[in-house]
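Have a look at the structure below, then the notes.
Any read-out appearing in this document is the output of simple, stated calculations on the displayed coordinates, not a laboratory observation. Given the structure is predicted, the values throughout are model-derived calculations rather than measurements. Heads up, the Cβs are rebuilt from the backbone with ideal geometry, glycines too, and the neighbour counts pull from every protein chain shown.
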Amino acid sequence: MATQDSTARGQAETRAARAQMQAEMAAQAWSDLASAERNRDDNTARLKALRLAREAEAVAAPKPAPKARARKKA
């Protein structure tokens, strides 16, 4: 009878340890996911700022007048 109690206790401790480990792994996975999302959002914002700056520069810069073509002599 004592071996059954110790076996059941050992199995319960094993299940509890496994559940604890899974909870820690899940928390780490969620943390990693949140970090990846923040990095993606930061990169998107940076690229958008660069694009808007480039577009503003293109609008502000006057376009050079087209050069007159030289006629070919026949």
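Summing +1 for each Lys or Arg and -1 for each Asp or Glu among the other residues whose beta-carbon sits under 13 angstrom from that of Ala26 gives -1.
Each of Ala29, Ala68, Ala8 was placed along the dipole of the chain (beta-carbon charges, centred on the mean Cα), and the one lying farthest toward the positive end is Ala68.
The percentage of C-alpha pairs in the chain whose separation is greater than 17 Å is 75%. Remark: spin-label model distance Lys73-Met21 equals 9.1 nm, labels positioned 7 Å along the Cα→Cβ axis.
Charges were assigned to the Cβ only: +1 to each Lys and Arg, -1 to each Asp and Glu. The resulting dipole of the chain about its Cα centre is roughly 1600 debye. Report, in degrees rounded to the nearest 10, the 0 to 90 angle that the Cα long axis of helix 2-60 makes with the longest principal axis of the chain. It is inclined by approximately 10 degrees.
Count Lys and Arg as plus one, Asp and Glu as minus one, and take only other residues whose Cβ is under 12 Å from that of Asn39; the net charge is then -1.
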